[in-house]
1. Has segment A:118-137 got at least one residue that is in a loop (DSSP other than H, G, I, E, B) and closer than 25 Å to A:F226 by Cβ?
2. Checking B:A97 against (1) of a type in the set (A, V, I, L, M, F, W, C); (2) under 23 Å from B:I174 (Cα atoms); (3) within 14 Å of chain A (Cβ to nearest Cβ); (4) not in a loop (DSSP other than H, G, I, E, B), which single condition isn't satisfied?
3. Among the numbered criteria (1) within 14 Å of chain A (Cβ to nearest Cβ); (2) of a type in the set (V, I, T); (3) in contact with a strand residue (DSSP E or B) (Cβ under 9 Å, 6 or more places away or on another chain), which one does B:V61 miss?
4. For segment B:49-61, name all the residues that are closer than 16 Å to B:L157 by Cβ and either buried (at least 23 other Cβ atoms within 10 Å of the Cβ) or touching a residue at least 40 places away in the same chain (Cβ under 8 Å) (or both).
5. Of all strands (runs of 3 or more DSSP E) completely enclosed by segment B:286-372, which ones contain at least 3 residues that are modelled with pLDDT of 85 or more and over 30 Å from B:A205 (Cα atoms)?
6. If you scan segment B:64-94, which residues turn out to be away from chain A (no Cβ under 14 Å) and either aliphatic (A, V, I, L, M) or touching a Ser or Thr at 6+ places or on another chain (Cβ under 7 Å) (or both)?
7. Among the numbered criteria (1) more than 14 Å from the chain's Cα centre (by Cα); (2) within 14 Å of another protein chain (Cβ to nearest Cβ), which single criterion is violated by A:K252?
8. So how many residues does segment A:142-168 have that are in contact with a Pro (Cβ under 8 Å, 6 or more places away or on another chain) and in a helix (DSSP H, G or I)?
Amino acid sequence: MQARARLGRWLVSGPPVLYLLVFFAAPALIMVLASFRTPGDFGGLAPLVEDGRLDLNLDSYARFFTESVYAQIFVKSVWYALLTTLFCLLLAYPLAALIARSAKKHRDLLLLLVILPFWSNFLIRIYAWMIILGPNAALAKTVNGALGWLGHEPVPLLFSSFAVLVCLVYVHLPFMVLPLYANLEKHDRALLDAAQDLGAGAWQRFWRITFPLSLPGVYAGAALVFIPALGIFAIPDILGGPEDSLIGNVIKQQFLETRDWPFGSVLSIVLTVAALVLAGTAAWIGRGSLGTPSSAEVARA
Amino acid sequence: MALLEIQNVTRRFGEFTAVDGVSIDIQAGEFFTLLGPSGCGKTTLLRMIAGFDLPDGGRIVLNGMDLAERPPEERPVRTVFQSYALFPHMTVEGNIAFPLQMAKTPGTAIPGKVQEALEDVRLTGFGKRYPHELSGGQKQRVAIGRALVTHPTVLLLDEPLAALDAKLREEMQIELINLQKEVGITFVYVTHDQTEALALSHRIAVMNKGRVEQIDEPSRLYSFPASRFVADFIGTCNLLEGAIASSSDGIVAVEVAGLGTVRVAAALPAAPPAGTIALRPEKIRVQAAAAASAAADRPDNHFLGTVTEYLYLGDVTVYIVTTPAGRKLETLLANSGAGRTKFFEVGDAVEVSWPVDAGHFIGQPDRSVSST
């Protein structure tokens, strides 16, 4: 009986585990190994065993920590990802709250509108922004018309950090709205009534009740936005100027153009570690400072 | 002047009138209960006092001040919600401190007041716990402590004991009575449980279909119900109705189908054509038929019947006595006989009897409203 139960467990969990081993764990280990190897003369990797000895070194790591340009790009990428997360949060919170408080029959439609952009190709949506922000579009003409009227030089909207940020926020917004909505929708209306009864005005009700209770949703949304935004390369490639290269672009460049695989691997590993450390720190700070019980405990209570 | 005056308050939801011209005066320091079946408008009335809902007509006046323009957070009124509505992300102390913080109490004064409130609701030592670490009764106490900590003028309680089991509910009832005595704050209590209302209240307003049927002290409500609804809703009652045969010298005789002429003490200025006698089961004397016929001191109302059902409840037994004409009367006897479990078996011939002042006469029309 027990043996059968164990077999059943393996049959259920086996395929996903196998998939992750083959397509995630193994490539990740190959990449870690590659980061210690020497680049080949014509790109790729030099042979692992040369003249009978193992060729592993820390040269690529040394390069990352000595050439400050990479650290600068890293800091810039973290900055862009943080700004994206912040703007997404500011835009998504009222939207999610609105959907959570609208009549039940309208909610599905509103949620559908939030995820509707996913039905169209990611790259096509980025190219669409080229048209929206282009120099001949109504937006640029209006902005520059107003600037000219104020006696200011015209500014290009496209191929700028502005364009990159706008598109980063646009692409990641649904990933913030959905977890926030899922959280806010579960809030007990009686708590707000109680807070109001106990003397809390509208702002106090939000700040003392709704917001702290929504923190699990805020954390989930922030992680879902921050981590992908940190590694993105397509948006700066298409909409950014030469100054807007982010770490994702550099990694892509190392693998596909420079073909320095060990250095590309180093950058990828540093990116992964940085994302994990930042997300972990944020969660730890958030938990400690607000003294909130975990979401599971809140749900039980 | 009453502390809280509900003046001709009406609330409609579309076609449905939830509260229909209700007027109640509640005195300072009173434990006042709104009692009625679900949908009678008692909770709607409570929400209007708290400010979560506004009357379509009439006024709610507290301490001589019309509350119409004041949102809930600006009313000196606190509510204990049925679901407790404790803030799950705050400790017990945090919950109780919340209204103090909202009232801009100086930070140094808050811990002392919180401890005081914890003592009041017998939760000293539980301050650091989160709501999910408390039992139902403890959560209820936190909710009450949180509502009382700012010393509101009126405390509203919306079926606060409904979620507790029977034994705990009884304990909490006694605690509520003591607490109310201690703090001296006016309690307005909503419940559909008539025994709870009778046990707790100084006065009760019985509500039905958005209207007040009767406002009175518990014992008077039980003994002298003003309407058939009140008689039926509060406790168990035999309702004997029929045409009035005569009315003189403070005695009304009612022709009750299946029973006969029943006399009841009632001074009527002008006799209505028909009426109802409310007769509580415990006021009826039940005796074996053979023994009864000989008794010289038997009361004015006496009828023969047969025990057709009984409900043995331990301390008392409910006997259903059916007359030869098929009228059922519910009677109640304490199982007080020494050396025996109960008095009668199904099929026993018995005589039921009661004096003229055992029943209470309710005149027509049914819908009479009285207040004291």
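1. Here is the first cut: in segment A:118-137, the residues in a loop (DSSP other than H, G, I, E, B) are A:120-121, A:134-137.
After this cut, where a residue has to be closer than 25 Å to A:F226 by Cβ as well, the list is A:120-121.
Yes: one or more hits.
2. If we test B:A97 against (1) of a type in the set (A, V, I, L, M, F, W, C); (2) under 23 Å from B:I174 (Cα atoms); (3) within 14 Å of chain A (Cβ to nearest Cβ); (4) not in a loop (DSSP other than H, G, I, E, B), just (2) comes out false.
3. (1)
4. Within segment B:49-61, B:I49, B:A50 meet the criteria.
5. Values: elements: B:301-312, B:316-322, B:328-334, B:349-354, B:360-363.
Those strands (runs of 3 or more DSSP E) span B:301-312, B:316-322, B:349-354.
6. Residues of segment B:64-94 away from chain A (no Cβ under 14 Å): B:64-66, B:68-69.
Selection gives B:M65, B:A68.
7. Failed condition: (2).
8. We begin by selecting, within segment A:142-168, every residue in contact with a Pro (Cβ under 8 Å, 6 or more places away or on another chain); these are A:144, A:147-148, A:156-158, A:164.
Filter again for in a helix (DSSP H, G or I), leaving A:144, A:147-148, A:164.
Number satisfying all stated conditions: 4.
The values are calculated or read from the model by the stated rules, or taken from the named source; none is laboratory data. Keep in mind that this is a model prediction, so the values were computed, not measured. When we count neighbours, we look across all protein chains shown, and the Cβ atoms used for this are built from the backbone with ideal geometry, even at glycine.
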